[in-house]
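For reference, the structure is listed below as structure tokens.
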């Protein structure tokens with residue numbers, strides 16, 4: 001027949017393999033023969049006709065089941081991918097929150113360090129100025145003709161130290177020592193504001209709720225994955241999934257117990273028998289990835 005199709009230029013071909021060999025999930029009908037075929041055309045019921053009608057009814061039912069299974073497979077894949085996406089998004093939000101808190105804490109720590117450094121430098125330069133003024137006063141009180149070389153040398157040293165401290169202060173903080181107290185107060189106000197904002201952020205963001213939701217996504221994903229492994233088309237389902245988050249790719253003993261605890265007994269027993277393995281490395285059960 002295929003040779004005749006080729007001769008006539010017809011591209012279609014007849015596959016002589018069995019339906020099973022072709023991968024078709026359908027029960028083949030029985031050959032009726034010309035006699036039975038003609039009788040059926042005349043409306044006369046034959047045994048072969050009855051058998052074929054029964055087979056066709058079963059095939060129709062099987063086709064309905066296959067369509068339903070295909071829909072369920074697509075829904076399972078979509079559901080697991082959605083869980084994976086929700087898990088990754090929520091985990092990112094939690095990470096962003098913690099990063100924001102840590103960033104504010106680093107800013108507060110930096111401000112506290114600046115305040116401490118400013119206070120110390122401002123106090124030091126103020127003492128140097130006091131010492132210099134005292135030296136000036138001593139020199140002014142000395143008798144007119146008394147040798148002042150020693151006090152002048154002392155004043156020169158104090159002036160050099162004071163000038164060096166002044167320049168270092170300006171270079172380090174970008175302000176003059178005279179502006180130090182004002183800058184300290186500004187930084188203190190900024191620090192208190194940062195403390196308040198961090199406190200409000202902590203109070204208005206319930207990380208416990210986020211963590212609980214994250215755990216629910218995780219357990220539900222792993223539960224769906226276990227159920228997927230029970231399916232006859234499990235390999236196809238698992239290969240169709242998006243790449244899961246690292247923490248979703250394995251099931252620990254605690255995960256396994258929590259999953260089967262909330263399952264119907266029949267499902268739980270089936271999973272324990274077919275999927276649970278007591279031979280596990282580092283005390284966890286891991287899926288076939």
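Rule-based calculations on the coordinates, nothing more; no lab input. Since this is a predicted model, take the numbers as computed values, not measurements. Cβ placement follows ideal geometry from the backbone for every residue including glycine, while neighbour counts extend to all protein chains displayed.
So here's what we get for this one:
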quantity	calculated
Scattering curve values for the chain, log₁₀ I(q)/I(0), Debye with Cα scatterers, q = 0.15 Å⁻¹	-1.17
Using alpha-carbon coordinates, inclination of helix 265-274 to the longest axis of the chain, degrees	90 degrees
Proxy reagent accessibility, fewest Cβ within 10 Å first, across 221, 169, 195	195, 169, 221
Percent of C-alpha pairs per 10 Å bin, segment 60-116, short to long	20, 20, 17, 14, 12, 9, 6, 3, 0
For a label point 7 Å along the Cα-to-beta-carbon line of residue 162, residues of segment 93-137 with backbone N under 18 Å	121-137
Neighbour-count order for 26, 202, fewest beta carbons within 10 angstrom listed first	202, 26
12 Å reach of a label modelled at residue 245, 7 Å along Cα-to-Cβ, counting backbone N of segment 181-219	210-219
Sites residue 85 and residue 203, calculated FRET efficiency, Cβ-Cβ separation with R0 35 Å, nearest 0.05	0.75
Fewest-first ranking of 142, 111, using other Cβ atoms within 10 Å as the exposure measure	142, 111
Over the chain: helical MRE at 222 nm, DSSP H runs n ≥ 4 each giving -39500 (n - 2.57), nearest 500	-25500 deg cm²/dmol
For segment 106-147 versus segment 52-100, the gap between their alpha-carbon centres in whole angstrom	75 Å
Inter-label distance for residue 273 and residue 110, nm, one decimal - labels placed 7 Å from Cα along Cα-to-Cβ	6.3 nm
Cα long-axis angle, helix 207-230 against the chain (0 to 90 degrees, to the nearest 10)	30 degrees
Column: log10 I(q)/I(0), Debye, Cα scatterers of segment 161-259, q = 0.12, 0.16, 0.23 Å⁻¹	-0.64, -0.84, -1.14
Paramagnetic reach from residue 102 in segment 69-89 [backbone N under 11 Å; point 7 Å along Cα→Cβ]	none
Where labels lie 7 Å past Cα in the beta-carbon direction, separation of residue 150 and residue 61 in nm	12.2 nm
Percentage, to the nearest whole number, of Cα pairs in segment 42-176 over 22 Å apart	73 percent
Rg to Rh quotient for segment 93-238, alpha carbon positions, Kirkwood Rh	1.48
Cα long-axis angle, helix 180-204 against the chain (0 to 90 degrees, to the nearest 10)	20 degrees
log10 of Debye I(q)/I(0), alpha-carbon scatterers only, for segment 26-79 at 0.13, 0.16, 0.31 Å⁻¹	-0.47, -0.58, -1.08
The chain: relative contact order in percent, alpha carbon pairs under 8 Å with at least 6 residues between	19 percent
